[in-house]
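K.L.:
Here you go, one structure.
The values are calculated or read from the model by the stated rules, or taken from the named source; none is laboratory data. A quick note: this is a predicted structure, and the numbers were derived from the prediction, not measured. Here Cβ is always computed from backbone atoms with ideal geometry, including for glycine, and neighbour counts include all displayed protein chains.
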Amino acid sequence: MLKYYNIWVLFTLSLFYLGPISWPHQQSWMVAAVVLSCLVFFNLGTLFGRKLPVLPAYNFAKLDNKAVTYAVIVIFILLSQLHVKSLTGQSILNPMNYSLSFGDVYSNFQQTLKGRSVSAGSLEGISLILKAAILPLIIFLFVINFNRSKIILLLLMFPFIASGMMRGTDKEGVDIGIYLLILAYYHKILGRRSLIALGLLAVLVVLFMERKMARFGVNLPPCLPGLPEACFDFDNLLARYVSPSMEFVRLLLTNYITQGYEGLGRALEIPFEANFGFGHIPVVKGKICQFFGMMCEMQSFGDKLPDYGWNTLHRWQSVYTFLANDFHWFFLPLYFSYLGALFKVSERSWYENRDIISLTLLLLISVFFVYSSANMQLTISLGWATVYLTVFCMQTVRVFRNKPKNLHCEMHSHNRYSEQL
(Lines give C-alpha, C1' and ligand atoms only; values in the text may rest on other atoms or scores of the structure.)
Protein backbone atom coordinates (compact mmCIF):
# COMPACT_ATOMS: atom_id res chain seq x y z
CA MET A 1 0.00 0.00 0.00
CA LEU A 2 2.96 2.31 0.59
CA LYS A 3 3.60 2.78 -3.11
CA TYR A 4 -0.04 3.76 -3.68
CA TYR A 5 0.20 6.45 -1.00
CA ASN A 6 3.28 7.85 -2.76
CA ILE A 7 1.65 7.70 -6.18
CA TRP A 8 -1.52 9.39 -4.94
CA VAL A 9 0.28 12.26 -3.20
CA LEU A 10 2.53 12.87 -6.22
CA PHE A 11 -0.50 12.74 -8.53
CA THR A 12 -2.51 15.27 -6.50
CA LEU A 13 0.49 17.60 -6.26
CA SER A 14 1.10 17.37 -10.03
CA LEU A 15 -2.58 18.06 -10.67
CA PHE A 16 -2.36 21.17 -8.50
CA TYR A 17 0.63 22.57 -10.40
CA LEU A 18 -0.15 21.31 -13.92
CA GLY A 19 -3.93 20.78 -13.91
CA PRO A 20 -6.70 22.78 -15.63
CA ILE A 21 -7.28 25.15 -12.68
CA SER A 22 -4.88 28.11 -12.45
CA TRP A 23 -4.54 28.40 -8.70
CA PRO A 24 -2.68 31.56 -7.55
CA HIS A 25 -0.17 29.54 -5.51
CA GLN A 26 0.86 27.38 -8.45
CA GLN A 27 3.80 29.75 -8.66
CA SER A 28 4.93 28.96 -5.11
CA TRP A 29 7.37 26.12 -4.44
CA MET A 30 6.49 26.14 -0.74
CA VAL A 31 3.37 23.99 -1.21
CA ALA A 32 5.45 21.27 -2.86
CA ALA A 33 8.17 21.63 -0.21
CA VAL A 34 5.73 20.99 2.66
CA VAL A 35 3.95 18.08 0.97
CA LEU A 36 7.09 16.34 -0.31
CA SER A 37 8.99 16.72 2.97
CA CYS A 38 6.06 15.09 4.81
CA LEU A 39 5.95 12.28 2.24
CA VAL A 40 9.71 11.66 2.55
CA PHE A 41 9.50 11.48 6.35
CA PHE A 42 6.50 9.14 6.16
CA ASN A 43 8.61 6.78 4.08
CA LEU A 44 11.53 7.12 6.51
CA GLY A 45 9.14 6.32 9.37
CA THR A 46 8.23 3.04 7.71
CA LEU A 47 11.89 2.01 7.91
CA PHE A 48 11.73 2.38 11.69
CA GLY A 49 8.39 0.55 11.73
CA ARG A 50 10.05 -2.46 10.09
CA LYS A 51 12.24 -2.86 13.17
CA LEU A 52 9.40 -2.76 15.69
CA PRO A 53 8.14 -6.12 16.99
CA VAL A 54 4.92 -7.42 15.45
CA LEU A 55 1.83 -6.84 17.58
CA PRO A 56 -0.23 -9.84 18.75
CA ALA A 57 -3.81 -10.27 17.56
CA TYR A 58 -6.27 -8.42 19.78
CA ASN A 59 -9.26 -10.51 20.81
CA PHE A 60 -12.57 -8.63 20.43
CA ALA A 61 -14.45 -11.22 22.48
CA LYS A 62 -17.46 -8.98 23.23
CA LEU A 63 -17.88 -7.89 19.62
CA ASP A 64 -17.74 -11.51 18.46
CA ASN A 65 -21.06 -12.02 20.24
CA LYS A 66 -23.90 -11.74 17.66
CA ALA A 67 -26.36 -10.35 20.23
CA VAL A 68 -23.95 -7.57 21.20
CA THR A 69 -23.17 -6.84 17.55
CA TYR A 70 -26.82 -6.45 16.56
CA ALA A 71 -27.56 -4.38 19.68
CA VAL A 72 -24.75 -1.94 18.82
CA ILE A 73 -25.95 -1.70 15.21
CA VAL A 74 -29.57 -1.06 16.20
CA ILE A 75 -28.53 1.67 18.64
CA PHE A 76 -26.35 3.30 15.97
CA ILE A 77 -29.17 3.21 13.40
CA LEU A 78 -31.59 4.82 15.86
CA LEU A 79 -29.07 7.54 16.76
CA SER A 80 -28.44 8.12 13.04
CA GLN A 81 -32.19 8.37 12.53
CA LEU A 82 -32.43 11.15 15.15
CA HIS A 83 -29.51 13.01 13.59
CA VAL A 84 -30.72 12.79 9.99
CA LYS A 85 -34.27 13.69 11.02
CA SER A 86 -33.02 16.89 12.63
CA LEU A 87 -30.89 17.74 9.57
CA THR A 88 -33.40 17.01 6.82
CA GLY A 89 -36.79 16.41 8.39
CA GLN A 90 -36.78 12.99 6.71
CA SER A 91 -36.69 9.50 8.23
CA ILE A 92 -34.08 6.97 7.08
CA LEU A 93 -36.49 4.24 8.21
CA ASN A 94 -39.25 5.35 5.82
CA PRO A 95 -38.71 4.03 2.26
CA MET A 96 -41.04 6.75 0.91
CA ASN A 97 -38.58 9.46 1.98
CA TYR A 98 -35.89 8.33 -0.46
CA SER A 99 -35.65 10.25 -3.71
CA LEU A 100 -33.47 10.37 -6.82
CA SER A 101 -34.21 14.08 -7.30
CA PHE A 102 -30.78 14.96 -5.97
CA GLY A 103 -31.11 18.71 -6.54
CA ASP A 104 -34.32 18.94 -4.51
CA VAL A 105 -32.93 16.70 -1.76
CA TYR A 106 -29.80 18.84 -1.39
CA SER A 107 -31.81 22.08 -1.50
CA ASN A 108 -34.09 20.77 1.27
CA PHE A 109 -31.03 19.83 3.33
CA GLN A 110 -29.53 23.32 2.95
CA GLN A 111 -32.81 25.01 3.83
CA THR A 112 -33.17 22.94 7.00
CA LEU A 113 -29.62 23.86 8.07
CA LYS A 114 -30.32 27.61 7.95
CA GLY A 115 -30.70 29.09 11.40
CA ARG A 116 -30.27 25.68 12.99
CA SER A 117 -28.44 25.38 16.32
CA VAL A 118 -27.85 22.43 18.63
CA SER A 119 -27.60 22.97 22.38
CA ALA A 120 -25.46 20.62 24.44
CA GLY A 121 -28.33 19.54 26.68
CA SER A 122 -30.90 18.97 23.95
CA LEU A 123 -31.99 15.51 22.80
CA GLU A 124 -30.07 15.99 19.56
CA GLY A 125 -26.96 17.19 21.39
CA ILE A 126 -27.00 14.15 23.66
CA SER A 127 -27.66 11.80 20.71
CA LEU A 128 -24.67 13.27 18.82
CA ILE A 129 -22.39 12.59 21.81
CA LEU A 130 -23.73 9.04 22.12
CA LYS A 131 -23.31 8.49 18.39
CA ALA A 132 -19.71 9.72 18.60
CA ALA A 133 -19.04 7.38 21.52
CA ILE A 134 -20.37 4.35 19.64
CA LEU A 135 -18.76 5.10 16.24
CA PRO A 136 -15.39 3.43 17.12
CA LEU A 137 -17.31 0.19 17.81
CA ILE A 138 -19.09 0.53 14.46
CA ILE A 139 -15.78 0.91 12.61
CA PHE A 140 -14.27 -2.07 14.45
CA LEU A 141 -17.38 -4.12 13.57
CA PHE A 142 -17.07 -3.03 9.94
CA VAL A 143 -13.48 -4.30 9.83
CA ILE A 144 -14.26 -7.52 11.72
CA ASN A 145 -17.24 -8.46 9.55
CA PHE A 146 -15.92 -7.36 6.16
CA ASN A 147 -15.06 -10.89 5.07
CA ARG A 148 -17.26 -12.69 7.58
CA SER A 149 -20.93 -11.62 7.42
CA LYS A 150 -22.56 -9.85 4.46
CA ILE A 151 -25.78 -9.21 6.43
CA ILE A 152 -23.96 -7.44 9.27
CA LEU A 153 -21.85 -5.52 6.76
CA LEU A 154 -24.96 -4.28 4.93
CA LEU A 155 -26.57 -3.24 8.20
CA LEU A 156 -23.43 -1.31 9.14
CA MET A 157 -23.39 0.44 5.76
CA PHE A 158 -27.08 1.33 5.85
CA PRO A 159 -27.02 4.44 8.13
CA PHE A 160 -24.09 5.96 6.20
CA ILE A 161 -25.63 5.45 2.77
CA ALA A 162 -29.09 6.48 4.01
CA SER A 163 -27.66 9.68 5.47
CA GLY A 164 -26.07 10.57 2.13
CA MET A 165 -29.31 9.85 0.26
CA MET A 166 -31.34 12.05 2.63
CA ARG A 167 -28.90 14.95 2.33
CA GLY A 168 -28.04 14.58 -1.35
CA THR A 169 -24.31 14.50 -0.53
CA ASP A 170 -21.51 12.29 -1.88
CA LYS A 171 -19.21 11.95 1.11
CA GLU A 172 -20.93 8.97 2.74
CA GLY A 173 -21.06 6.88 -0.43
CA VAL A 174 -17.47 7.74 -1.36
CA ASP A 175 -16.31 6.85 2.16
CA ILE A 176 -18.03 3.45 2.04
CA GLY A 177 -16.48 2.79 -1.37
CA ILE A 178 -13.01 3.62 0.01
CA TYR A 179 -13.51 1.36 3.05
CA LEU A 180 -14.53 -1.58 0.88
CA LEU A 181 -11.63 -1.14 -1.56
CA ILE A 182 -9.01 -0.80 1.20
CA LEU A 183 -10.30 -3.81 3.14
CA ALA A 184 -10.52 -5.88 -0.04
CA TYR A 185 -6.90 -4.99 -0.78
CA TYR A 186 -5.70 -6.09 2.66
CA HIS A 187 -7.74 -9.29 2.49
CA LYS A 188 -6.07 -9.91 -0.90
CA ILE A 189 -9.39 -10.40 -2.66
CA LEU A 190 -9.31 -7.24 -4.77
CA GLY A 191 -7.64 -9.04 -7.68
CA ARG A 192 -10.38 -11.65 -7.91
CA ARG A 193 -13.08 -9.02 -7.66
CA SER A 194 -11.52 -6.28 -9.74
CA LEU A 195 -14.59 -6.03 -11.98
CA ILE A 196 -16.78 -5.43 -8.94
CA ALA A 197 -14.33 -2.75 -7.74
CA LEU A 198 -14.38 -1.05 -11.14
CA GLY A 199 -18.17 -1.24 -11.19
CA LEU A 200 -18.33 0.35 -7.73
CA LEU A 201 -16.00 3.12 -8.87
CA ALA A 202 -18.15 3.74 -11.97
CA VAL A 203 -21.30 3.95 -9.84
CA LEU A 204 -19.66 6.47 -7.50
CA VAL A 205 -18.54 8.64 -10.44
CA VAL A 206 -22.02 8.56 -12.02
CA LEU A 207 -23.68 9.44 -8.70
CA PHE A 208 -21.17 12.23 -8.19
CA MET A 209 -21.89 13.64 -11.65
CA GLU A 210 -25.68 13.37 -11.31
CA ARG A 211 -25.78 14.98 -7.87
CA LYS A 212 -23.51 17.87 -8.82
CA MET A 213 -25.29 18.57 -12.11
CA ALA A 214 -28.63 18.47 -10.29
CA ARG A 215 -27.39 21.24 -7.99
CA PHE A 216 -26.39 23.45 -10.93
CA GLY A 217 -29.54 22.81 -12.96
CA VAL A 218 -29.79 22.81 -16.75
CA ASN A 219 -27.65 25.89 -17.46
CA LEU A 220 -24.10 25.44 -16.24
CA PRO A 221 -22.15 28.59 -15.31
CA PRO A 222 -18.90 29.29 -17.22
CA CYS A 223 -16.90 28.83 -14.01
CA LEU A 224 -17.49 27.17 -10.67
CA PRO A 225 -19.29 29.52 -8.26
CA GLY A 226 -16.83 31.65 -6.30
CA LEU A 227 -13.85 30.21 -8.20
CA PRO A 228 -12.96 32.35 -11.23
CA GLU A 229 -9.84 30.18 -11.68
CA ALA A 230 -11.95 27.06 -12.34
CA CYS A 231 -13.68 27.47 -15.70
CA PHE A 232 -15.18 24.85 -18.00
CA ASP A 233 -13.75 24.22 -21.46
CA PHE A 234 -16.47 22.57 -23.51
CA ASP A 235 -14.42 22.94 -26.71
CA ASN A 236 -11.70 20.51 -25.65
CA LEU A 237 -11.36 16.97 -27.02
CA LEU A 238 -12.93 15.33 -23.96
CA ALA A 239 -16.10 17.44 -24.20
CA ARG A 240 -16.42 17.20 -27.99
CA TYR A 241 -15.62 13.53 -28.57
CA VAL A 242 -16.69 11.89 -25.32
CA SER A 243 -19.28 13.97 -23.50
CA PRO A 244 -19.69 17.51 -22.12
CA SER A 245 -20.59 15.82 -18.84
CA MET A 246 -17.05 14.42 -18.62
CA GLU A 247 -15.60 17.94 -18.82
CA PHE A 248 -17.90 18.85 -15.94
CA VAL A 249 -16.66 15.87 -13.93
CA ARG A 250 -13.01 16.54 -14.84
CA LEU A 251 -13.07 20.14 -13.59
CA LEU A 252 -15.13 19.35 -10.50
CA LEU A 253 -12.88 16.45 -9.45
CA THR A 254 -9.78 18.58 -10.06
CA ASN A 255 -11.29 21.27 -7.84
CA TYR A 256 -12.08 18.77 -5.08
CA ILE A 257 -8.64 17.17 -5.22
CA THR A 258 -6.47 20.31 -5.45
CA GLN A 259 -8.24 23.22 -3.75
CA GLY A 260 -6.83 22.21 -0.35
CA TYR A 261 -3.32 22.87 -1.67
CA GLU A 262 -4.34 26.45 -2.49
CA GLY A 263 -5.58 26.78 1.09
CA LEU A 264 -2.22 25.39 2.25
CA GLY A 265 -0.36 27.96 0.15
CA ARG A 266 -2.30 30.81 1.75
CA ALA A 267 -1.90 29.36 5.27
CA LEU A 268 1.88 29.41 4.82
CA GLU A 269 1.66 33.21 4.75
CA ILE A 270 -0.11 33.38 8.15
CA PRO A 271 1.79 33.76 11.45
CA PHE A 272 1.76 30.59 13.55
CA GLU A 273 -0.33 30.42 16.73
CA ALA A 274 0.07 27.29 18.89
CA ASN A 275 -3.14 25.30 19.38
CA PHE A 276 -1.64 22.86 21.90
CA GLY A 277 -2.78 19.59 20.34
CA PHE A 278 -6.33 20.63 19.48
CA GLY A 279 -5.70 22.48 16.21
CA HIS A 280 -6.02 19.35 14.06
CA ILE A 281 -9.19 18.25 15.90
CA PRO A 282 -11.21 21.50 15.78
CA VAL A 283 -14.49 19.80 16.69
CA VAL A 284 -13.02 18.76 20.07
CA LYS A 285 -11.64 22.27 20.59
CA GLY A 286 -15.10 23.63 19.84
CA LYS A 287 -16.71 21.30 22.40
CA ILE A 288 -14.17 22.33 25.06
CA CYS A 289 -15.04 25.97 24.38
CA GLN A 290 -18.77 25.18 24.47
CA PHE A 291 -18.75 23.19 27.73
CA PHE A 292 -15.85 24.73 29.68
CA GLY A 293 -15.35 28.16 28.12
CA MET A 294 -11.69 27.34 27.44
CA MET A 295 -9.60 27.90 24.25
CA CYS A 296 -12.39 30.02 22.75
CA GLU A 297 -9.96 32.78 21.75
CA MET A 298 -7.39 30.38 20.31
CA GLN A 299 -7.29 30.73 16.52
CA SER A 300 -6.16 28.14 13.98
CA PHE A 301 -5.05 28.69 10.41
CA GLY A 302 -8.59 27.78 9.37
CA ASP A 303 -9.98 30.58 11.53
CA LYS A 304 -7.60 33.11 9.97
CA LEU A 305 -7.77 32.00 6.32
CA PRO A 306 -11.00 33.93 5.54
CA ASP A 307 -9.00 37.14 6.13
CA TYR A 308 -6.66 35.93 3.37
CA GLY A 309 -9.47 35.42 0.87
CA TRP A 310 -10.10 31.73 1.58
CA ASN A 311 -13.51 30.94 3.11
CA THR A 312 -12.97 27.69 5.00
CA LEU A 313 -16.72 27.19 5.46
CA HIS A 314 -16.92 26.24 1.79
CA ARG A 315 -13.33 25.50 0.82
CA TRP A 316 -10.71 23.02 1.98
CA GLN A 317 -7.27 23.71 3.41
CA SER A 318 -5.49 20.29 3.24
CA VAL A 319 -4.50 17.94 6.05
CA TYR A 320 -1.10 19.66 6.34
CA THR A 321 -2.71 22.95 7.38
CA PHE A 322 -4.74 21.25 10.12
CA LEU A 323 -1.71 19.44 11.52
CA ALA A 324 0.51 22.55 11.35
CA ASN A 325 -1.76 24.21 13.92
CA ASP A 326 -0.20 21.90 16.51
CA PHE A 327 3.17 20.83 15.10
CA HIS A 328 4.27 23.94 13.16
CA TRP A 329 5.45 23.65 9.56
CA PHE A 330 9.01 22.76 10.64
CA PHE A 331 7.91 19.86 12.87
CA LEU A 332 5.16 18.58 10.59
CA PRO A 333 7.44 15.89 9.06
CA LEU A 334 7.91 14.39 12.54
CA TYR A 335 4.18 13.63 12.74
CA PHE A 336 4.41 11.90 9.35
CA SER A 337 7.42 9.84 10.46
CA TYR A 338 5.38 8.70 13.48
CA LEU A 339 2.52 7.90 11.12
CA GLY A 340 4.87 5.93 8.86
CA ALA A 341 6.17 3.85 11.77
CA LEU A 342 2.64 3.04 12.92
CA PHE A 343 1.65 2.16 9.36
CA LYS A 344 4.47 -0.32 8.83
CA VAL A 345 4.21 -2.10 12.18
CA SER A 346 0.43 -2.31 11.72
CA GLU A 347 0.75 -3.72 8.20
CA ARG A 348 3.16 -6.40 9.42
CA SER A 349 0.91 -7.18 12.40
CA TRP A 350 -2.10 -7.62 10.12
CA TYR A 351 -0.36 -9.88 7.62
CA GLU A 352 1.37 -12.02 10.26
CA ASN A 353 -1.20 -12.14 13.08
CA ARG A 354 -4.46 -10.88 11.53
CA ASP A 355 -4.66 -8.17 14.20
CA ILE A 356 -7.95 -6.28 13.82
CA ILE A 357 -6.78 -3.08 15.52
CA SER A 358 -3.86 -2.93 13.08
CA LEU A 359 -6.17 -3.39 10.09
CA THR A 360 -8.46 -0.65 11.43
CA LEU A 361 -5.49 1.69 11.74
CA LEU A 362 -4.44 0.86 8.17
CA LEU A 363 -7.95 1.75 7.03
CA LEU A 364 -7.76 5.12 8.82
CA ILE A 365 -4.30 5.92 7.44
CA SER A 366 -5.56 5.12 3.93
CA VAL A 367 -8.52 7.49 4.43
CA PHE A 368 -6.06 10.08 5.78
CA PHE A 369 -4.02 9.96 2.57
CA VAL A 370 -6.96 9.82 0.17
CA TYR A 371 -8.26 13.10 1.61
CA SER A 372 -4.84 14.61 2.45
CA SER A 373 -4.95 17.20 -0.33
CA ALA A 374 -8.42 18.28 0.78
CA ASN A 375 -8.95 18.18 4.54
CA MET A 376 -8.33 16.35 7.82
CA GLN A 377 -11.00 13.73 7.15
CA LEU A 378 -10.28 11.76 10.32
CA THR A 379 -11.39 14.64 12.56
CA ILE A 380 -14.11 16.12 10.38
CA SER A 381 -16.81 15.41 12.98
CA LEU A 382 -17.05 14.58 16.66
CA GLY A 383 -17.64 10.92 15.81
CA TRP A 384 -14.60 10.64 13.55
CA ALA A 385 -12.44 12.55 16.02
CA THR A 386 -13.42 9.91 18.59
CA VAL A 387 -12.47 7.12 16.17
CA TYR A 388 -9.15 8.82 15.36
CA LEU A 389 -8.18 9.35 19.00
CA THR A 390 -9.35 5.88 20.09
CA VAL A 391 -7.59 3.83 17.41
CA PHE A 392 -4.37 5.86 17.21
CA CYS A 393 -3.97 6.02 21.00
CA MET A 394 -4.70 2.29 21.37
CA GLN A 395 -2.14 1.37 18.74
CA THR A 396 0.51 3.75 20.06
CA VAL A 397 0.16 2.35 23.59
CA ARG A 398 0.31 -1.22 22.24
CA VAL A 399 3.51 -0.46 20.31
CA PHE A 400 5.22 0.96 23.41
CA ARG A 401 4.10 -1.96 25.57
CA ASN A 402 5.04 -4.64 23.06
CA LYS A 403 8.69 -5.24 23.91
CA PRO A 404 10.77 -7.53 21.69
CA LYS A 405 10.39 -11.15 22.80
CA ASN A 406 14.13 -11.73 22.79
CA LEU A 407 14.91 -8.61 24.85
CA HIS A 408 14.52 -10.38 28.21
CA CYS A 409 16.51 -13.36 26.99
CA GLU A 410 19.34 -11.11 25.75
CA MET A 411 19.46 -9.26 29.07
CA HIS A 412 19.41 -12.53 31.03
CA SER A 413 22.26 -13.96 28.93
CA HIS A 414 24.26 -10.76 29.36
CA ASN A 415 23.83 -10.91 33.15
CA ARG A 416 24.94 -14.54 33.28
CA TYR A 417 27.99 -13.73 31.17
CA SER A 418 28.86 -10.84 33.49
CA GLU A 419 28.58 -13.13 36.55
CA GLN A 420 30.95 -15.66 34.93
CA LEU A 421 33.49 -12.91 34.36
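K.L.:
Go through the stretch 131-152 and report how many residues are at pLDDT 90 or above, surrounded by 15 or more Cβ atoms within 10 Å (Cβ to Cβ) and not β-branched (V, I, T).
P.N.:
Here the count works out to 10.
K.L.:
Considering only residues that are closer than 15 Å to T379 by Cα and of a type in the set (A, V, I, L, M), which ones fall in the stretch 299-348?
P.N.:
Matches in the stretch 299-348: V319, L323, A324.
K.L.:
Looking at V54, V68, V9, which is the one that is hydrophobic (A, V, I, L, M, F, W, C) and within 25 Å of the chain's Cα centre (by Cα)?
P.N.:
Just one listed residue meets the conditions, V9.
K.L.:
Still on this model: For a quick check of your reading of the model, give me the residue pairs whose first member lies in the stretch 68-96 and is closer than 17 Å to F160 by Cβ, whose second is part of a loop (DSSP other than H, G, I, E, B) and not hydrophobic (A, V, I, L, M, F, W, C), with beta-carbon atoms closer than 7 Å and at least 6 apart or on different chains.
P.N.:
Matching pairs, first to second residue: Q81/S91; V84/Q90; K85/S91.
K.L.:
Please work out if F276 is among the aromatic types (F, W, Y), in a helix (DSSP H, G or I) and surrounded by fewer than 19 Cβ atoms within 10 Å (Cβ to Cβ).
P.N.:
No: the conditions fail for F276.
K.L.:
I'd like the full set of residues that are among the hydroxyl-bearing types (S, T, Y) and touching a Pro at 6+ places or on another chain (Cβ under 8 Å), limited to the stretch 235-293.
P.N.:
Scanning the stretch 235-293 gives a single hit, T254.
K.L.:
Report, ordered by the first and then the second residue, all pairs with beta carbons closer than 7 Å, sequence separation of six or more or different chains, a first member in the stretch 260-275 that is closer than 25 Å to L227 by Cα and without any contact (Cβ under 8 Å) to a residue 40 or more places away in the chain, and a second member that is assigned to a helix (DSSP H, G or I) and hydrophobic (A, V, I, L, M, F, W, C).
P.N.:
Short answer, once both residue conditions are applied: I270/F301.
K.L.:
Working only within the stretch 279-316, note down all residues that are part of a helix (DSSP H, G or I) and among the hydrophobic types (A, V, I, L, M, F, W, C).
P.N.:
V283, V284, I288, C289, F291, F292, F301, L305
K.L.:
Which of the residues spanning the stretch 1-25 are buried (at least 18 other Cβ atoms within 10 Å of the Cβ) and not hydroxyl-bearing (S, T, Y)?
P.N.:
V9, L13, F16, G19, I21, W23, H25
K.L.:
Just to verify a result, which residue in the stretch 41-51, among those that are under 21 Å from the mean Cα position of the chain (by Cα) and hydrophobic (A, V, I, L, M, F, W, C), is nearest to I365 (Cα to Cα)?
P.N.:
F42
K.L.:
Residues that are of a type in the set (V, I, T), outside any helix (DSSP H, G or I) and closer than 18 Å to N275 by Cα: does the stretch 363-380 have at least one?
P.N.:
yes
K.L.:
State all residues of the stretch 141-159 that are among the hydrophobic types (A, V, I, L, M, F, W, C), in contact (Cβ under 8 Å) with a residue 12 or more places away in the chain and farther than 21 Å from V174 by Cβ; if no residue qualifies, say none.
P.N.:
Passing the criteria: I144, I152.
K.L.:
Within the stretch 14-31, identify whether any single residue is in contact (Cβ under 8 Å) with a residue 60 or more places away in the chain and within 29 Å of K188 (Cβ to Cβ), and answer yes or no.
P.N.:
No - not one qualifying residue is present in the stretch 14-31.
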